[in-house]
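K.L.:
So that we are looking at the same thing, I have put the structure below in structure tokens.
Here, each number is a calculation from the coordinates, and none is a lab measurement. Note that the structure is a prediction, hence the values are computed from the model and not measured. Virtual Cβ from ideal backbone geometry, glycine too; neighbours counted across all protein chains shown.
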């Protein structure tokens with residue numbers, strides 16, 4: 001399922017017109033290798049994510065007729081994006097993270113919203129953030145606590 005998302009995401013760049021001539025840069029590697037890379041924006045990455053999510057959700061809905069198909073698709077995509085988030089957090093230095101790709105956590109947030117995961121609090125998709133907090137920190141509350149700014153003694 002994750003492989004299908006990745007393929008549809010990349011196909012989404014084509015369908016949405018993100019790969020236009022002239023919108024490229026060349027990376028020269030030692031030994032003379034020249035790689036052409038398309039310049040994409042973070043918004044185009046979000047658009048390609050939603051293209052893939054919507055295509056997969058539509059196919060699942062047609063095949064199974066299940067209103068929770070979006071949640072099932074979101075869960076699979078969410079696991080992939082949580083893996084990407086873990087990879088993002090391990091990269092050193094942080095400058096290596098591509099400016100064209102938004103943080104995986106933001107990509108997951110948009111997929112979860114599109115799947116309306118909050119309407120199904122018992123679903124895996126709705127609890128994916130907590131599950132990964134348990135895996136990473138041993139406590140589902142740690143990630144939420146770390147995200148909150150510390151209050152000063154005066155305030």
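K.L.:
Set the Förster radius R0 to 30 Å, insert the Cβ-Cβ distance between residue 137 and residue 110 as r into 1/(1 + (r/R0)^6), and round the FRET efficiency to 0.05. Kindly include the intermediate steps, with their values, before the conclusion.
P.N.:
On the way: r = 24 Å, r/R0 = 0.79.
Computed FRET efficiency for residue 137 and residue 110: 0.80.
K.L.:
Full-extension gain between residue 122 and residue 29, please, as 0.36 nm times their residue separation minus the C-alpha to C-alpha distance.
P.N.:
Result for the pair: 28.6 nm of gain on full extension.
K.L.:
Among 40, 21, which comes first, second and so on when ranked by fewest other beta-carbon atoms within 10 Å?
P.N.:
Result, fewest neighbours first: 21, 40.
K.L.:
Any chance you could list P(r) for the range 2-147, counting all Cα-Cα pairs in 5 angstrom bins from zero, rounded to whole %?
P.N.:
2, 9, 15, 19, 19, 15, 10, 6, 4, 2, 0
K.L.:
Need one number: nm distance between label points at residue 86 and residue 54, each 7 Å from Cα along Cα→Cβ, rounded to one decimal.
P.N.:
The two pseudo-label positions are separated by 3.1 nm.
K.L.:
Report relative contact order for the range 2-122 in percent, whole number only (criteria: Cα-Cα under 8 Å, sequence separation at least 6). It would help to have the intermediate numbers written out before the result.
P.N.:
On the way: 113 pairs, mean separation 31.8, N = 121.
Over the range 2-122, the number comes to 26 percent.
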